[in-house]
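The values are calculated or read from the model by the stated rules, or taken from the named source; none is laboratory data. These numbers come from a predicted model, not from an experiment. Cβ coordinates were reconstructed from backbone atoms using ideal geometry, including for glycine residues, and neighbour counts include every protein chain displayed. Just so you know, the surface numbers come from the protein's heavy atoms only, side chains and all, with ligands and any DNA or RNA stripped out. Shrake-Rupley method; radii C 1.70, N 1.55, O 1.52, S 1.80 Å.
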Amino acid sequence: MTRQIHTGSHDLPVTPALEAFMSEDWAEPASMVAGADPVAPWAARRRAALAEAFPGERLVVPAGRYLPRSNDQDYRFRPHTAHTWLTGNQSSDAVLVLDDGDAVLYVRPAPSRDTDEFWRDRRYGDFWAGRRPTLAETSHAFDLECRHLDDLEATLSRPRPTRVLRGVDPEVDRLVRSGDTAADAMLSCVLSELRLVKDEWEVAQLAEAVDATVRGFEDCVREWDQAVRHGERWIEGTFGRRARIDGNDVGYSSIVAAGAHATTLHWIDNSGPVRDGELILLDMGVEARSLYTADVTRTLPVSGRFTSTQRELYSLVLRAQDAGIAVLKPGAEFRDFHRATSEVMAHGLADLGLLPCSAEEALDESSTIYRRWTLCASGHMLGMDVHDCGLARAERYLDGVLEEGHVLTVEPGLYLQAEDLKLPAELRGIGIRVEDDLVVTADGSRNLSAGLPRDPDEIETWMADLAR
C-alpha cells in the first residue's frame with residue numbers, strides 16, 4: 001500500500017535521479033535487540049489476568065500516536081501506561097489485540113528501504129527519527145506475535161464482541177465505531193484495578209526510580225549557590241538532567257516552588273527567584289526507563305538553616321506524615337493515613353491559634369474547616385503514572401483497603417497563602433510539604449525514599465555537607 005510520507009513545508013524537492021541514487025547499496029542495519037526484555041514474562045501474566053476478566057472478547061489497547069507541539073514539531077512520544085504495562089513496548093502507533101486471550105501486537109516497524117520513507121519521512125524515517133525495530137526484533141524482545149500495523153484494520157473489521165481503550169489513538173477509535181461506551185469504560189476501569197497491586201518486578205523498578213530521584217535532589221543541593229543566583233529554573237534543569245541520565249525523563253512536571261510559590265499546589269512555571277531566608281518546596285520524580293516514576297517532596301531552607309517559625313511549621317507537617325506512615329499495613333483502609341495526618345494537622349493548627357473552634361470540631365465531617373490550610377488529600381497510589389490507577393472504582397481504591405504490594409505516597413502539606421487575612425503576617429506565604437514513596441509490606445510498609453532526610457536537623461547537616 002502507499003503510505004503517507006511526513007515531510008516538512010520547507011523540504012528540498014526530490015529529483016528522480018536522487019530518489020534512484022538513494023535506493024542503492026545499503027547494508028543491513030545492525031539489530032536493535034540484544035535479547036529478551038526482562039518485563040516479558042511479567043507482561044504475559046498481566047495479559048492473562050486481563051483476558052480472564054473478559055472471557056470470549058476482543059480487547060484493543062493502543063500505545064497512542066505522536067502529539068503535535070507546534071507546526072510540524074511533535075512532543076517526545078510516551079506510550080499509554082496500560083499498553084506498556086501489558087506488553088513492555090514503548091514505540092508509537094502500536095496496538096495490542098487480545099482475542100479471547102490470544103495476543104497479537106500490531107506495530108509500525110522500520111520502513112523498508114524499497115521506498116523513500118526511510119530517508120524522507122520526518123516522523124518515522126530512519127534518517128530523521130532513528131531506526132524503529134523490525135517485526136522480528138519486537139517479537140523477540142517481548143515474546144509476542146507481531147504483525148504489521150497495516151493488518152490491523154482487517155482484524156478489527158471481523159465481527160467480534162470488542163472493547164477498546166478509547167481516547168488514546170484516534171485511528172483505532174475510528175476503526176471500532178460500534179463499540180459500547182459503557183463496555184469500553186469498564187475495560188479502562190479494570191486495567192486500572194489490575195495495576196493497583198504491584199508485582200515484584202514493578203516494585204524493583206519503582207525503587208530504581210526513587211534512588212535516581214534521591215541522586216537528583218543531591219545534585220540540586222550541590223549546586224545551591226547557582227540556584228540562589230539563577231532561581232527556580234536552575235533547579236528544574238539540574239534535576240531534569242539527572243532524570244535523563246538515569247531514567248527516561250521526569251515523571252511529571254517538576255515543582256520548584258520558592259517562597260510564596262510553595263502555596264500553589266502545582267506550581268510548575270518554576271520562573272521565580274530563590275531567596276535566602278525563605279523555604280523552597282521541591283516536588284520531583286525521575287521516571288525510570290521502564291516508565292515507573294518516583295514522586296518525592298522535600299521542603300528546604302534556602303539559607304541551609306530553618307528559622308524558629310519555619311522549624312515549628314515544618315515539624316508539624318513532619319509529625320503528620322509520621323502519623324500517616326504509621327498506619328500503613330495490609331487491611332487498613334486506604335483513607336486511614338489521610339485521617340491520621342489530618343488529625344495531627346488540625347490539632348497543630350489549633351495549637352497555633354488559627355482555628356476558630358476546637359480541633360475536634362474542625363475535624364468533624366460537617367466542618368473540616370482546618371482544610372483551609374491543608375486543602376488536598378494526603379497521598380495517592382503510585383506506579384507508571386504519578387497519580388496511578390485513577391480510573392479504579394472507589395470501592396477498590398479510595399474506599400478500599402490496603403494490600404501487600406500497594407505503592408503509595410504520604411504527603412501532608414501546609415499551605416499558608418500570602419493573602420490570607422486569617423493568618424498573622426509572619427505566617428503568610430509559607431508552603432511546606434513532605435512526601436515519601438512507600439510500598440505496603442506483609443507487616444507494615446517500607447519507605448523507598450528513606451535515602452533523603454526528613455528530620456530538620458538532618459536536613460541542615462545534609463545540605464551543609466553537600467554544599468561543601
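Tabulated data for the structure shown
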item	result
Total residues in segment 159-185, condition assigned to a helix (DSSP H, G or I) and either open to solvent by 30 Å² or more (accessible area, probe 1.4 Å) or acidic (Asp, Glu) (or both)	9
Answer residue from segment 12-30, given it is open to solvent by less than 80 Å² (accessible area, probe 1.4 Å) and in contact (Cβ under 8 Å) with a residue 40 or more places away in the chain and is farthest from Gln90 (Cα to Cα) among those	Val14
Selection status of Leu291, crowded, with 17+ Cβ neighbours inside 10 Å and part of a loop (DSSP other than H, G, I, E, B)	yes
Of all residues in segment 202-225 being touching a residue at least 12 places away in the same chain (Cβ under 8 Å) and open to solvent by 40 Å² or more (accessible area, probe 1.4 Å), the one that is nearest to Ala392 (Cα to Cα)	Glu208
Residue match in segment 254-274 (condition: touching a residue at least 60 places away in the same chain (Cβ under 8 Å), open to solvent by 20 Å² or more (accessible area, probe 1.4 Å) and among the β-branched types (Val, Ile, Thr))	yes
Filter result (closer than 25 Å to Ser112 by Cβ and touching a Pro at 6+ places or on another chain (Cβ under 8 Å)) within segment 150-172	Asp169, Val172
So Asp388, is it buried (at least 22 other Cβ atoms within 10 Å of the Cβ), at negative phi, of a type outside the set (Phe, Trp, Tyr) and in contact (Cβ under 8 Å) with a residue 60 or more places away in the chain	yes
Flag if Glu360 is more than 23 Å from Gly431 (Cα to Cα), within 30 Å of the chain's Cα centre (by Cα), open to solvent by 60 Å² or more (accessible area, probe 1.4 Å) and modelled with pLDDT of 95 or more	no
Leading residue by the ranking (farthest from Leu96 (Cα to Cα)) among those in segment 1-57 that are in a loop (DSSP other than H, G, I, E, B), under 38 Å from the mean Cα position of the chain (by Cα) and acidic (Asp, Glu)	Asp11
Complete set of residues in segment 76-95 that are free of Cβ contacts under 8 Å to residues at least 40 places away in the same chain and either within 12 Å of Leu50 (Cα to Cα) or buried (at least 20 other Cβ atoms within 10 Å of the Cβ) (or both)	Ser92
Residue in segment 55-75 that is farthest from Asp169 (Cα to Cα), counting only those that are touching a residue at least 24 places away in the same chain (Cβ under 8 Å) and among the basic types (Lys, Arg)	Arg58
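Per-residue answers, yes or no, for (1) open to solvent by less than 70 Å² (accessible area, probe 1.4 Å); (2) at pLDDT 95 or above:
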| position | (1), (2) |
| --- | --- |
| Val33 | yes, no |
| Val39 | yes, yes |
| Ala44 | yes, yes |
| Leu59 | yes, yes |
| Gln73 | no, no |
